[in-house]
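Visitor: Input: one structure, supplied below.
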Amino acid sequence: MTQAAKMTQLAIAALEDKKAEDITLIDIAKVSVLADYFLIANGNNQVQAMADNVDEQLTKAGYSLKSMEGYPTGNWILMDYGDLVVHVFDRQNRLFYDLERIWRDGEQIDVNAFLEEKL
């Protein structure tokens, strides 16, 4: 398993720990040089808490946050870890921006199956 996949599994677990909703994973490696994976999730009023937990867990594992956008407003937080870009939305903004449609050329991956892969 690649480092990007390991990092992504940790991020998914961190999101699930904070009760993230509708977690979606898109493999964009074949359609973009931006990253290997886009991880998209939403929550009620806990967007910042979800982002904080992702960063805490990935930092503990030795991964560095390259940049973060949107944290002060907490409507859409983008976290760039190089091979993984995490998007955490409130429900309204997730529906509005519809990243799954924009990145439909990427391969949508079943999150549960992805988590079952060995680290």
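The values are calculated or read from the model by the stated rules, or taken from the named source; none is laboratory data. Please read all numbers here as calculations on a predicted model, not as lab measurements. Reconstructed Cβ throughout: ideal geometry from the backbone, glycine too, with neighbour counts over all protein chains shown. These accessible areas exclude ligands, DNA and RNA; they are computed on the full protein's heavy atoms, side chains included. Shrake-Rupley method; radii C 1.70, N 1.55, O 1.52, S 1.80 Å.
Visitor: Looking at the chain, send over the antiparallel percent of its DSSP beta bridges, to the nearest 5. Let's see the in-between values first.
Guide: Working: 16 of 23 bridges.
Among the beta bridges of the chain, antiparallel pairing accounts for roughly 70 percent.
Visitor: Give, to the nearest whole percent, the P(r) tail of region 64-119 beyond 18 angstrom, counting all Cα pairs.
Guide: Working: 758 of 1540 pairs.
Roughly 49 percent, rounded to a whole number.
Visitor: Taking amide H atoms as placed 1.01 Å from N in the peptide plane, list the residues 5 or more away in sequence, or in a different chain, whose amide H sits under 5 Å from that of Asn42.
Guide: Distant-sequence amide H within range of Asn42: Glu21, Phe89.
Visitor: For the chain, what log10 I(q)/I(0) values come out of the Debye formula at q = 0.18, 0.21, 0.22 1/Å, with one point per alpha carbon and no solvent?
Guide: Computed log10 I(q)/I(0) values: -0.87, -1.23, -1.37.
Visitor: Show me the ranking of peptides 108-114, 81-87 by mean Cβ neighbours inside 10 Å, starting with the highest. Display every interim value, and only then the final one.
Guide: Values: 108-114: 12.9, 81-87: 22.0.
Final packing ranking: 81-87, 108-114.
Visitor: Here's a follow-up. Which whole-number value in Å² is the accessible area per residue of the chain, probe 1.4 Å?
Guide: On the way: 6600 Å² over 119 residues.
With all protein chains present, the chain gives 55 Å² per residue.
Visitor: Whole-Hz Karplus ³J(HN,Hα) for region 76-83, in order, using 6.51 cos²θ - 1.76 cosθ + 1.60 and θ = phi - 60°, x for Gly and Pro?
Guide: Computed from phi, the couplings for region 76-83 are 8, 10, 10, 10, 9, 10, x, 7 Hz.
Visitor: Using the basic label-point model (7 angstrom from Cα toward the beta carbon), what is the Ala13 to Lys30 distance in nanometres?
Guide: Simple spin-label model gives 2.8 nm for this pair.
Visitor: Here's a follow-up. Using a Gaussian network model of the chain with C-alpha springs under 10 Å, which one of Val54, Val88, Val31 is most mobile by mean-square fluctuation?
Guide: Comparing Val54, Val88, Val31 in a Gaussian network model of the chain, the most mobile one is Val31.
Visitor: Further, regarding this structure: Using r as the Cβ-Cβ distance of Phe96 and Thr2, and R0 as 35 Å, what FRET efficiency do you calculate, to the nearest 0.05? Kindly include the intermediate steps, with their values, before the conclusion.
Guide: Values: r = 32 Å, r/R0 = 0.91.
Once the sixth-power term is evaluated, E becomes 0.65.
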